[in-house]
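Data block below; observations after.
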Amino acid sequence: KFVKSIIVPLITSVSMIAAVPLVSADTFKMALGDAAGGTQWELGQKFQTLLSEKTGGKTTVDLFPNGQLGNEQDTVNNASMGILDFSVLAINNVTPFSPSVGLLTMPYVILSPEEAKTLTQGKIGQQLVQNTINDAGVRIVGWAYSGFRVLTNSKRPIESLSDLKGLVIRVPRNEIMMSTYQAWGVNPTPMAWSETFTGLQLGVVDGQDNPYITIDAMKFNEVQKYVTNIRYIFSIEPLIISESVFQAQKPAMQAIILEAGKEATEHSYAFLLESEDKIKKSLVAKGMVISTPSNGEKEWIDVATKTVWPKFYDSIGGKVKLDEALATLGRTTN
Ligand code: MLT
């Protein structure tokens with residue numbers, strides 16, 4: 001294990017030298033999948049400022065937004081190999097590397113920003129952090145809270161599942177999300193996040209889902225008109241650090257990284273609460289049309305929870321894990 005931890009980063013670092021310079025002790029690189037201005041950017045910038053403050057200006061974090069350092073799933077690989085320091089990305093793009101975090105993308109489990117905070121910052125969150133280190137070689141040191149993933153499309157207002165039929169919807173390469181759309185009666189198209197704007201612009205896909213703040217940061221209003229206020233997934237976006245980079249830090253620096261991550265997380269939560277509504281209104285002012293699912297979203301919820309939950313019990317560590325999460329939130333699976 002020791003030899004592997006030395007050799008693998010060394011070989012991969014050498015092979016990637018042209019693309020990503022080796023990390024130095026004082027300057028870190030942070031990949032962001034989204035454009036500047038969204039929740040990933042807020043978390044990253046706050047962390048950058050805090051790390052600089054806490055090290056007396058000795059530590060710099062350079063932010064690379066817009067998928068400049070690779071699509072979100074690639075950044076997990078790169079961080080895992082020790083050739084990228086930090087990345088902020090949607091939790092749904094971590095799940096393929098550490099299936100137990102799929103708990104956070106199970107449809108209709110998290111029903112409010114408070115519940116997102118409770119799950120990520122409590123005992124369950126700590127378990128998921130540990131699982132991600134073990135499975136994927138990356139450590140979650142902070143969380144961005146980005147709001148519910150609402151559905152956008154370029155064709156028509158959607159209120160019911162029958163309105164959805166026939167639309168081509170882009171989803172991340174995430175089994176739980178693909179399965180949810182299949183249960184809702186559409187065959188979704190998996191596509192990397194970095195290709196999504198172009199896919200929508202060229203009409204390769206008609207729609208996608210992401211939070212209001214992300215839609216705004218990515219300027220999706222330029223290529224999408226209709227929004228449906230579904231609340232199936234509350235978007236949580238972890239700040240990850242390569243575990244080998246973390247382990248290479250002195251204990252005092254490790255403590256600073258964890259502390260800065262915690263404080264940046266608090267900032268992210270406050271940013272969501274103060275900006276989501278304003279951003280939603282500005283998207284309407286720019287021409288987006290918002291619909292609300294009929295009948296309190298009942299058919300969407302019933303289909304997703306009855307069909308999708310049981311399919312993923314095994315991958316999240318058993319039904320017991322979902323029961324535990326719901327009990328923490330004061331609910332049950334029945
Ligand atoms: C995705 O849809 O792939 C991600 O959730 C996008 C994001 O990171 O904002």
Legend entry - Flag for L111 being in contact (Cβ under 8 Å) with a residue 40 or more places away in the chain, away from the ligand (no atom under 14 Å from the Cβ), more than 20 Å from T333 (Cβ to Cβ) and not in a helix (DSSP H, G or I): no
Inset, instruction - With the checklist (1) over 21 Å from the mean Cα position of the chain (by Cα); (2) away from the ligand (no atom under 16 Å from the Cβ) in hand, flag the one item V223 doesn't pass. - result: (2)
Inset, instruction - Look through region 81-102, keep the residues that are under 17 Å from the mean Cα position of the chain (by Cα) and away from the ligand (no atom under 12 Å from the Cβ), and return whichever of them is nearest to Q247 (Cα to Cα). - result: F86
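Conditions tested, residue by residue: (1) touching a residue at least 12 places away in the same chain (Cβ under 8 Å); (2) outside any helix (DSSP H, G or I).
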{"site": "S282", "(1), (2)": "yes, no"}
{"site": "G287", "(1), (2)": "yes, yes"}
{"site": "W300", "(1), (2)": "yes, no"}
{"site": "W309", "(1), (2)": "yes, no"}
{"site": "S315", "(1), (2)": "yes, yes"}
{"site": "D323", "(1), (2)": "no, no"}
{"site": "A327", "(1), (2)": "no, no"}
Legend entry - Selection status of N77, within 16 Å of the ligand (Cβ to nearest atom) and either under 20 Å from E266 (Cβ atoms) or surrounded by fewer than 24 Cβ atoms within 10 Å (Cβ to Cβ) (or both): yes
Legend entry - Test: residue in region 47-66 that is under 17 Å from the mean Cα position of the chain (by Cα), buried (at least 22 other Cβ atoms within 10 Å of the Cβ) and within 14 Å of the ligand (Cβ to nearest atom): no
Inset, instruction - Would you check which residues across region 174-207 are within 13 Å of the ligand (Cβ to nearest atom) and within 19 Å of L32 (Cα to Cα) and list them? - result: N174, M191, A192, W193, S194, E195, T196, F197
Legend entry - Members of region 144-173 that are within 12 Å of the ligand (Cβ to nearest atom) and of a type in the set (K, R): R149, R170, R173
Inset, instruction - Could you please let me know if I256 is within 30 Å of T75 (Cα to Cα), crowded, with 20+ Cβ neighbours inside 10 Å and in contact (Cβ under 8 Å) with a residue 40 or more places away in the chain? - result: no
Inset, instruction - Look through G199, G142 and report the one residue that is more than 25 Å from K219 (Cα to Cα) and at pLDDT 95 or above. - result: G142
Legend entry - Out of V76, V23, V61, sole residue that is outside any strand (DSSP E or B), at pLDDT 95 or above and out of contact with any Ser or Thr (no Cβ under 6 Å at 6 or more places or on another chain): V76
Legend entry - Residues being without any contact (Cβ under 8 Å) to a residue 24 or more places away in the chain, over 25 Å from I215 (Cβ atoms) and among the charged types (D, E, K, R) - total across region 72-107: 0
Inset, instruction - Can you tell me which residue among L239, L200 is surrounded by 21 or more Cβ atoms within 10 Å (Cβ to Cβ) and over 18 Å from the mean Cα position of the chain (by Cα)? - result: L200
Legend entry - Failed item, numbered, when G37 is tested on (1) assigned to a helix (DSSP H, G or I); (2) under 22 Å from S194 (Cα atoms); (3) not β-branched (V, I, T): (1)
Inset, instruction - Considering only residues that are over 17 Å from the mean Cα position of the chain (by Cα) and among the charged types (D, E, K, R), look in region 115-136 and name the one that is nearest to the ligand (Cβ to nearest atom). - result: D135
Legend entry - Unmet requirement for R231, which otherwise passes all of (1) under 26 Å from D135 (Cα atoms); (2) among the basic types (K, R); (3) outside any helix (DSSP H, G or I): (1)
Inset, instruction - Tally the residues that are closer than 12 Å to V150 by Cβ and either assigned to a strand (DSSP E or B) or more than 12 Å from the ligand (Cβ to nearest atom) (or both), restricting the search to region 208-220. - result: 3
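The values are calculated or read from the model by the stated rules, or taken from the named source; none is laboratory data. In this text, all values refer to a predicted model and were calculated from it rather than measured experimentally. Here the Cβ is made from the backbone with ideal geometry for all residues, glycine too, and neighbour counts use every protein chain on show.
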